[in-house]
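Readers should treat all values here as calculations from the given coordinates under stated rules, not as data from a laboratory. Since this is a predicted model, take the numbers as computed values, not measurements. Here the Cβ positions follow ideal geometry from the backbone for every residue, glycine too, while neighbour counts run over all protein chains shown.
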There are 2 protein chains.
Amino acid sequence: MTQPLDQIKVLDFTRVLAGPYCTMLLADMGAEVIKIEKPGIGDDTRGFGPYQNDESGYFMFLNRGKKSIELDLKSPESITVIKEMVKEADVIVENFRPGVMKKLGLDYESLKEVNPHIVFASISGFGQYGPYSQRPAYDLVAQAMGGLASINGHPDQPPTRVGSSLGDMSAALYAAYGIMTALFHRERTGEGQYIDVAMVDSIFSLLESNVMRYTIEKIAPKRIGSRHPISSPFDIFKAQDGYIVIAVANDPLFKRLCLIMNQPELEKDERFCRDALRTEHVDELKVIIEKWLQAYTVAEAVELINDGGVPSSPILNIQEICEDEHIAVREMLVELDHPVAGKTKILGNPVKFSKTPPVIQKPSPSLGEHTEEILNKYKNMTLKN
Amino acid sequence: MTQPLDQIKVLDFTRVLAGPYCTMLLADMGAEVIKIEKPGIGDDTRGFGPYQNDESGYFMFLNRGKKSIELDLKSPESITVIKEMVKEADVIVENFRPGVMKKLGLDYESLKEVNPHIVFASISGFGQYGPYSQRPAYDLVAQAMGGLASINGHPDQPPTRVGSSLGDMSAALYAAYGIMTALFHRERTGEGQYIDVAMVDSIFSLLESNVMRYTIEKIAPKRIGSRHPISSPFDIFKAQDGYIVIAVANDPLFKRLCLIMNQPELEKDERFCRDALRTEHVDELKVIIEKWLQAYTVAEAVELINDGGVPSSPILNIQEICEDEHIAVREMLVELDHPVAGKTKILGNPVKFSKTPPVIQKPSPSLGEHTEEILNKYKNMTLKN
């Protein structure tokens with residue numbers, strides 16, 4: 001066995017982002033992921049830009065290494081084929097709105113009759129039960145309802161959605177951890193089971209200590225921009241040609257920063273001499289630091305501050321991080337040769353295994369690319385169109 | 001076997017957030033997690049607020065269900081005890097700066113000699129290799145270097161750290177998925193291995209399609225606040241007493257919104273009649289919608305808009321989400337009885353299993369609570385102090 005999920009078969013009913021990212025995490029580990037797509041149309045994201053030679057970049061990065069079969073979920077023949085496939089499958093993943101799989105006759109209760117060992121994972125906005133379970137689920141809604149938007153952004157600005165789809169991505173990650181845990185359990189006991197992951201629960205989990213601050217102190221944390229709630233100066237600051245991070249978490253580090261800034265008197269200033277006082281006067285301190293930073297470019301400031309023994313870093317934009325040597329060395333951008341799109345660079349897998357590294361070599365499938373292969377396998381079944 | 005990770009033993013060398021959250025995800029599934037802590041001091045987070053009866057809420061929520069043993073990693077006797085423990089362990093997790101475990105003689109190369117079946121996971125800021133691997137790792141730095149800060153926030157504001165520690169949380173999640181995958185592989189082959197997860201790689205992975213937009217179009221996405229890059233109005237809007245989400249992703253939904261607002265003429269306005277045009281004139285459209293929203297409270301507006309068939313939701317703050325019925329029903333806040341702190345509510349686990357639900361019943365350990373029990377077990381070893 002060369003990859004951890006060799007011989008593991010995943011029936012993938014997912015669309016758009018959360019579900020496809022989850023099954024991609026399984027495909028990277030060697031699972032055979034069979035993506036069941038709507039005839040003639042396929043996953044919505046096949047129509048999402050950006051495009052390369054008319055292939056969707058969005059679809060390509062989320063569906064690498066998967067197979068595609070076109071099946072009309074409303075046709076009884078398709079359902080028959082799917083049930084044949086379920087007999088040999090190990091995992092099912094879907095991210096329809098709760099209730100849809102049941103209407104199709106493809107819910108866990110129905111399919112475990114066909115294969116009691118199946119691990120069946122559902123990803124949805126609000127979960128399979130609970131008062132909001134039927135609400136529509138956009139990432140924006142999950143971030144808003146999950147509490148994250150309320151603590152993201154600057155105090156004088158509105159609550160802010162995080163600039164990437166964390167509701168989808170975090171639900172996908174929790175589901176991948178759940179599916180692997182369930183597969184491990186099944187390997188030891190033979191038991192299959194059902195897994196329910198909600199985007200809102202996932203976002204709520206990412207709030208980490210913000211939740212404790214409320215449950216213990218009864219104070220709801222608010223938006224505080226980029227700064228640290230307790231230590232200062234620990235924030236993003238403006239230099240001549242852009243922004244930098246300075247991370248001072250204690251008094252000795254602040255003393256060093258004062259020396260770097262050639263303003264040793266600040267260390268004794270009664271507003272700044274202790275961490276708690278600095279946080280109390282954080283706005284005044286920021287003005288002083290940014291005034292000093294006006295004399296330096298980002299590159300100069302980061303070097304000067306680090307050389308003086310205080311942690312500092314630039315803030316990379318998407319171009320800079322994509323071109324960065326560290327990302328290249330870590331194989332976080334992987335070149336893939338797609339039969340239609342040609343050579344393209346897609347996101348790598350951030351888990352680096354010594355014995356069974358993720359293999360990211362097969363491109364995403366064209367719509368229905370494996371329909372014939374798969375139908376032939378399942379008892380030479382053919383479908384009416 | 002009642003829980004998936006029954007009989008799985010984790011040696012936990014982690015501190016602060018990323019590592020402890022990862023091993024908590026294993027403890028929730030039934031693993032015996034033995035936290036190795038610095039004598040007399042323990043995990044730094046034992047000194048982080050908020051406190052309840054002098055117990056750190058931060059420590060309590062991240063370390064539930066774990067055992068604590070005090071061991072001085074610089075004493076040869078401790079190293080001897082640890083190597084005895086490694087013989088019986090299944091998983092090791094650590095989040096020191098790269099190189100520290102090697103200096104202690106506790107790196108993977110050394111410990112696989114003791115137990116070749118061990119799964120050993122390291123979580124760090126920049127990973128175990130690559131040009132920046134030795135740089136200090138704060139969540140703020142990971143978010144800045146990973147590209148996320150550059151696309152988080154409003155266009156007229158500086159790059160913004162997300163208001164929770166996503167660098168830590170995402171690295172913990174990727175590591176949990178990696179560890180479970182490696183355990184599954186070990187169950188089938190007997191092979192142990194080493195896993196390396198970096199916060200910067202994890203943050204970079206969360207950027208999802210933003211990366212494609214650069215690699216294919218060579219345009220680096222920028223901060224666009226809460227709005228959708230392609231569809232409008234799909235954003236956060238101000239009502240009388242707070243903010244709401246409105247999610248209009250196509251022309252028919254916009255028509256409905258115009259009817260709800262009693263401004264049917266907008267639908268035919270040449271600035272707003274198609275989705276692409278609305279995104280081009282998104283600022284003007286936002287002014288019109290927010291002017292209309294001045295007449296409604298959040299509750300009124302959300303009801304009115306949803307009733308009209310357009311997705312809308314409130315934006316919950318931390319208090320509201322913690323008190324929300326959905327979160328209660330989904331067991332996302334779990335009451336725990338801690339011997340010192342008393343009753344406290346901590347974050348639940350967002351993965352809902354039908355057969356093997358996470359058990360969150362044992363509180364976090366006091367410092368060294370299990371030292372004697374564990375030392376007695378490992379050949380009645382005792383330590384010089």
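Per-structure values
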item: In sequence order, calculated HN-Hα J values of the stretch A:253-262 (Karplus, 6.51, -1.76, 1.60; Hz; x Gly/Pro); result: 5, 5, 4, 4, 4, 4, 5, 4, 7, 6
item: Rounded, prolate or oblate (a/c below 1.5 giving rounded, otherwise prolate when a/b exceeds b/c) for the stretch A:234-319 by Cα gyration tensor; result: prolate
item: Sites residue A:102 and residue A:241 - FRET efficiency at Förster radius 56 Å, r taken between beta-carbons, to 0.05; result: 0.50
item: Inter-part distance where the stretch B:51-67 and the stretch B:120-196 are each reduced to a Cα centre, Å; result: 23
item: Residue exposure sequence - A:22, A:258 - by fewest surrounding Cβ within 10 Å; result: A:258, A:22
item: Under 5 Å, built H, 5+ apart or other chain: amide partners of residue A:65; result: A:362, A:364
item: Ascending list, in nanometres, of distances separating the residue B:188 label from those of the other copies (7 Å, Cα toward Cβ); result: 1.7
item: GNM flexibility winner over chain A from A:15, A:97, A:330 (Cα, springs under 10 Å); result: A:330
item: Relative contact order [Cα under 8 Å, 6+ residues apart], the stretch A:234-319, whole percent; result: 42
item: Fraction of beta bridges assigned by DSSP in chain A that are antiparallel (%, nearest 5); result: 45
item: Net charge over other residues, Cβ less than 13 angstrom from the Cβ of residue A:205 (K, R count +1; D, E count -1); result: -3
item: Bridge type composition, the stretch B:1-157 - antiparallel percent by DSSP, nearest 5; result: 10
item: Alpha-carbon spread of the stretch A:100-154, three principal axes, descending order, Å; result: 53, 20, 16
item: Of A:43, A:12, A:307, the one that fluctuates the most in a GNM where chain A has Cα springs shorter than 10 Å; result: A:307
item: Residue order, fewest to most beta carbons within 10 Å, for A:277, B:257; result: A:277, B:257
item: Length-normalised contact order of the stretch B:1-49 in % [C-alpha pairs under 8 Å, at least 6 apart]; result: 45
item: Convex hull projection area averaged over all views, the stretch A:266-385, Cα basis, nm²; result: 15.7
item: Reciprocal mean inverse distance between Cα atoms of chain A - Kirkwood radius, Å; result: 23.9
item: Computed over chain B: relative contact order in percent, which uses C-alpha pairs under 8 Å that are six or more apart; result: 19
item: Local net charge near residue A:127, Cβ-Cβ under 12 Å (Lys/Arg +1, Asp/Glu -1); result: +1
item: Inter-copy spacing of residue B:136 label points, which lie 7 Å from Cα along Cα→Cβ, given in nm from shortest upward; result: 4.8
item: Net charge of Cβ neighbours under 13 Å - reference residue B:351; Lys, Arg +1; Asp, Glu -1; result: -1
item: Estimated vicinal HN-Hα couplings, Hz - the stretch B:151-168 in sequence order (Karplus 6.51, -1.76, 1.60; Gly, Pro = x); result: 10, 10, x, 8, x, 8, 10, x, x, 9, 5, 5, x, 9, 7, 5, x, 5
item: Compactness index (Cα Rg / 2.2 N^0.38 Å), the stretch B:17-128; result: 1.08
item: Residue with peak Gaussian network fluctuation, chain A [Cα springs, cutoff 10 Å], from A:210, A:349, A:250; result: A:250
item: Rg [Å, one decimal], Dmax [Å, integer] - the stretch A:206-277, C-alpha atoms; result: 14.9, 43
item: DSSP beta bridges in the stretch B:1-84 [antiparallel fraction, %, rounded to 5]; result: 20
item: Isotropic mean projected area of the C-alpha convex hull, the protein assembly as shown (nm²); result: 32.7
item: C-alpha long axis of helix A:298-307 to longest principal axis of chain A, angle in °; result: 70
item: Members of A:9/B:87; A:355/B:9; A:355/B:38 lying beyond 25 Å, as alpha-carbon distances in this model show; result: A:9/B:87; A:355/B:38
item: Amide H contacts of residue A:121 (H built 1.01 Å from N, under 5 Å, at least 5 apart or other chain); result: A:92, A:93, A:94, A:195
item: Ranked list, fewest to most other Cβ atoms within 10 Å of each Cβ, for B:204, A:96, A:254; result: A:96, A:254, B:204
item: Ascending list, in nanometres, of distances separating the residue A:218 label from those of the other copies (7 Å, Cα toward Cβ); result: 6.0
item: Evaluated at q = 0.12, 0.22, 0.26 Å⁻¹: base-10 log I(q)/I(0), Debye formula over Cα of the stretch B:164-243; result: -0.61, -1.05, -1.15
item: Only Lys, Arg (+1) and Asp, Glu (-1) charged, at Cβ; chain B dipole about Cα centre in debye; result: 920
